[in-house]
Amino acid sequence: MRRNIFTGGNQMPLFSVFEILAETLVPSGILPPSAPNPFVIQGYWVQLSLAPGTTQANFNITFKETTDFNQGAGQSALQAQIVDPSGVVQPYKYFFASVGRGFLNQSLFSGQTVIYGVQALPGLPTDAALPQGGTGWRGTVSIDGQTPGSLIATPTQRLLYTSGSDITKATALDAVVYAVPTFSGAARI
């Protein structure tokens, strides 16, 4: 039996793992002083569409993380966004609105595709990168409340490597996107 976590009840269905980073690629003191040490910003994104034959789905996307997003730069560094069905990026300021960290009380309708994203974009200092262990969050993601099989979901990690920690002045060195496996092994949930 699947019950909504905000009304009580059974455990949430696990969807995938996540990792959100804003830190140097290699811990300080390991590389020679002349070696470049890129700063990496890594976010977690999940794209959702309705499965064929489904007209609407209501759901919550929740994140369970061991330090409750208080490590390093803390909750103020976390940026949550929704790319709406028309492709417009909407900041989502309610990520920390309850104990169920995430995107709560969401709806998707026939013909829509929405992308939910979370990344660390702290107000980084201009003179030094955060230590490698500075801001890094890891945990599990659950998608709860929808009728089983009603959503097609694709999670990804997106990474940007820059020449420094002040992202307003740094040069982008490289970018990578890779798929994150789902716990069930399927995209239809």
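Overview of results
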{"item": "Options THR54, THR24; residue that is over 16 Å from the mean Cα position of the chain (by Cα) and over 21 Å from GLY164 (Cβ atoms)", "result": "THR54"}
{"item": "Search result, residues across the stretch 74-108 that are more than 26 Å from SER165 (Cα to Cα), open to solvent by 30 Å² or more (accessible area, probe 1.4 Å) and modelled with pLDDT of 90 or more", "result": "ASP84, PRO85, SER86, GLY87, VAL88, TYR94, ARG101, ASN105, SER107"}
{"item": "Every pair of residues 6+ apart whose Cβ atoms lie under 8 Å, when the first sits in the stretch 23-44 and is closer than 15 Å to THR135 by Cα and β-branched (Val, Ile, Thr) while the second is assigned to a loop (DSSP other than H, G, I, E, B) and open to solvent by 70 Å² or more (accessible area, probe 1.4 Å)", "result": "THR24/PRO131; VAL40/LEU25"}
{"item": "Some residue of the stretch 93-108 being more than 26 Å from THR147 (Cβ to Cβ) and assigned to a loop (DSSP other than H, G, I, E, B)", "result": "yes"}
{"item": "Some residue of the stretch 51-61 being among the hydrophobic types (A, V, I, L, M, F, W, C) and within 15 Å of THR156 (Cα to Cα)", "result": "yes"}
{"item": "Contacts under 8 angstrom Cβ, first residue in the stretch 88-101 being among the polar types (S, T, N, Q), partner modelled with pLDDT of 90 or more, 6 or more apart", "result": "GLN90/GLN81; GLN90/ILE82; GLN90/VAL83; GLN90/ASP84; SER98/LEU104"}
{"item": "Positions within the stretch 146-182 being more than 29 Å from VAL26 (Cα to Cα), surrounded by 11 or more Cβ atoms within 10 Å (Cβ to Cβ) and either of a type in the set (Asp, Glu) or over 16 Å from the mean Cα position of the chain (by Cα) (or both), in sequence order", "result": "GLN146, THR147, GLY149, SER150, LEU151, ILE152"}
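Residue-by-condition table, conditions (1) in a loop (DSSP other than H, G, I, E, B); (2) over 17 Å from LEU104 (Cα atoms); (3) of a type in the set (Ser, Thr, Tyr); (4) open to solvent by 10 Å² or more (accessible area, probe 1.4 Å):
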position: VAL17; (1), (2), (3), (4): no, yes, no, yes
position: ALA22; (1), (2), (3), (4): no, yes, no, no
position: PRO27; (1), (2), (3), (4): yes, yes, no, yes
position: ASN37; (1), (2), (3), (4): yes, yes, no, yes
position: TYR44; (1), (2), (3), (4): no, no, yes, no
position: PHE59; (1), (2), (3), (4): no, no, no, no
position: THR62; (1), (2), (3), (4): no, no, yes, no
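The values are calculated or read from the model by the stated rules, or taken from the named source; none is laboratory data. Fair warning: this is a prediction, and the values are worked out from it, not measured in the lab. Note: ideal-geometry Cβ built from the backbone for every residue, glycine included; neighbour counts use all protein chains shown. Areas reflect the complete protein model, heavy atoms only, side chains present, ligands, DNA and RNA absent. Shrake-Rupley method; radii C 1.70, N 1.55, O 1.52, S 1.80 Å.
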